[in-house]
1. Towards the positive end of the charge dipole of region 1-113, with charges on Cβ (+1 Lys, Arg; -1 Asp, Glu), say which of 43, 84, 59 has the farthest Cα.
2. Looking at the chain only, what percent of DSSP beta bridges run antiparallel? Nearest 5 please.
3. Rounded to the nearest whole Å³, what is the per residue volume of the convex hull around the Cα atoms of the chain?
4. State the three equivalent ellipsoid semi-axes of region 260-310, derived from the C-alpha gyration tensor as the square roots of 5 times its eigenvalues, in descending order and whole Å.
5. Quick one: how many Å² of residue 337 are accessible to a 1.4 Å probe, rounded to 10?
6. Taking the dipole about the Cα centre of the chain, with the C-beta of Lys and Arg at +1 and of Asp and Glu at -1, give me whichever of 241, 7, 188 is farthest to the positive side.
7. Taking a quarter of the surface of the Cα convex hull of region 43-145, what do you get in nm²?
8. Mind giving me the nanometre distance, one decimal, between the label points for residue 321 and residue 240, set 7 Å out from Cα along Cα→Cβ?
Amino acid sequence: MKSLRFICAEAFVSNAEFARKSLGNVAHNLFPLLFKASYLLEQGKVIHDLVENWPLVDFNMGKLLGKNGDYQEDLSHRTCLVCLESCLTGLRDYVLNHPSPYMKRLKVVDLTGIKDVEVQSCECKKPMGRWARTQLLSKLCLELLLHLQQMQCDPGALEISIDVLIDLFVTERNYEQVVQALLRKCSCPLKIHCVAFRADNLALQKFFYIIKLIDPSLLRKLEVVHNVRLEMEHLEILFNNIRFPLLMSLTLPARTFNVRRLTAADELMLTAIGEKMSEMTQLTELSMAFSILTGRIRKLLSPLKTPLKVLDVSNCSLNHADMAYLANSLHSNHLEVLDLSGHNIPDLYPSTFFKLLSHSSSVLRSLILEECNIQDTHVNMLILGLSPCRKLQEFKFLGNPLSSEALKHLFMFFCELPMLKNVEFPVPRDCYPVGITYPIDDSNICNFDHQKYESVAEELKLILLQANREGVKASTPLFGSYDAAVEETNNELGAYLMKSFKDTLEKFTNSLKEMS
């Protein structure tokens, strides 16, 4: 629903040439309204000029594009290339081109409220993801410094200081540009302040260097993923040398921990890491997926002084002692998001898992149990465990050997969960050839009866429809959920993997030659 004010704002900005010429006559308190209307209509030139002439003290993308009384739709999930590029270049030109710098009031620009999603609803259908935003802002900061050095700018421009809050995403490809922008932050009017940092496809030496440049004392979220070879000894060095007092969310790459080969010194190292994590008093989200943590969950998590709200220990080879600790720990009553994928829950520790589920049921929003060997015989037990989880919004259980009938039984139960919005369900076992073994490898995952699957999927959605729950999204993403960051950099990561494979093959070939 649009207010009359918003409809008028749309009409005003729809004529870009007229709107740009008239901005000087617009009341300052109308700029936020015109910005959202311009963003909705993808009026890039108007967006640029609005930001270039921004008259207010702060510019917060999340608030500007979020729901308000004039227009209820939240536009913060539109990472429209045209709009965001115009916004950032307008910010650069705010410093360069304004005729009276002493009138400038802008002090803080907050870009952290932008949400990257799979489907873009903007007309151009071209997103500007987190990596591209990082690269463009760094480029514009360097361009701005060059302009100020080469051109006869008003001295007042050099006195402008604007804090730009952003979630940075750095890989090998944009590393140098980001580093240069961070190194010259003191002399640049646009001062990058990193609130969340994601590193992928980056050498350890470069990671350690840039993590110091971003001012880790301000960091709230740290994601070190995939192709950053961070192991336990490197993590101890990181925590010993850098403090993260405001860190709320920590994601570590696969194989950071491998307790199967621990020495006595390694055990002490693990204890030290747990103690260092306890100093992060704001930490409530932790992801350690694809590490081997058998029997060591207590050692890592018990020192934490703040209960975790998000925990991802998927494919971490947890044993009964680990699950018992989780079920009885202070974290269990606070877990809003829990990922236990890759563990044989029904056979190894059914009672302790359901105890954990019972403790977290009053707050649990998202539960992920992919490839957990949940079979038809476990469905009634699963329904019993999920019944108290009245706040559950998301349930993902891909890769479990469940039949079509079992899925129908589950979907009838899903209709009773009032907050449920998203379900990711497996291809029914009876759609695959007889004798298929689980977990199904990538080479066979698409080898099923697609026509039968479509028929079953329609029946499942009909169950939701008949219960007036058509708002629940039900899908089967065969190769996992959408990840905006991976999608944006998949070409670079693919090239890296090919190079790694080639290097490994060359080493193997050379070893064979030496042996012969």
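The values are calculated or read from the model by the stated rules, or taken from the named source; none is laboratory data. This is a predicted model, so every value here is computed, not measured. Note that we place each Cβ from the backbone using ideal geometry, even for glycine, and neighbour counts take in every protein chain shown. Please note that ligands, DNA and RNA were not included when accessible areas were found on the heavy atoms of the full protein model with its side chains. Shrake-Rupley method; radii C 1.70, N 1.55, O 1.52, S 1.80 Å.
1. Farthest towards the positive end: 59.
2. 5
3. 191
4. 20, 13, 8
5. Near enough 30 Å² of accessible area.
6. The one lying farthest along the dipole's positive direction is 188.
7. So the mean shadow area of the Cα hull is 6.9 nm².
8. Modelled inter-label distance: 2.6 nm.
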